[in-house]
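Working notes for the structure below.
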């Protein structure tokens, strides 16, 4: 006897939902804050937040955001 039509759709949807949930879990685990600098000529460099350069870049970016927020008011 063939499965009921709604069961086929439910199984397919459940499979997609499971894959999406697994993707989000993987993404959350591997996502780490970093600062990316772009140079003239197209070169870019990434700096982790826990590195010395990355920490300094995060502080500088925070100050820029703070100044920009005060100016727009």
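The table below lists the values:
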| read-out | value |
| --- | --- |
| Hits in segment 42-67 (condition: under 18 Å from the mean Cα position of the chain (by Cα) and surrounded by 12 or more Cβ atoms within 10 Å (Cβ to Cβ)) | 47, 48, 49, 54, 58 |
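Residue-wise test of (1) in a helix (DSSP H, G or I); (2) in contact with a helix residue (DSSP H, G or I) (Cβ under 8 Å, 6 or more places away or on another chain); (3) at pLDDT below 80; (4) under 30 Å from residue 61 (Cα atoms).
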{"residue": "2", "(1), (2), (3), (4)": "no, no, yes, no"}
{"residue": "18", "(1), (2), (3), (4)": "yes, no, no, no"}
{"residue": "25", "(1), (2), (3), (4)": "yes, no, yes, yes"}
{"residue": "32", "(1), (2), (3), (4)": "no, no, yes, yes"}
{"residue": "46", "(1), (2), (3), (4)": "no, no, no, yes"}
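The values are calculated or read from the model by the stated rules, or taken from the named source; none is laboratory data. What you see is a predicted model; the values in this text were computed from it and never measured. Using ideal geometry, Cβ is built from the backbone for each residue, glycine included, and neighbour counts are taken over all protein chains shown.
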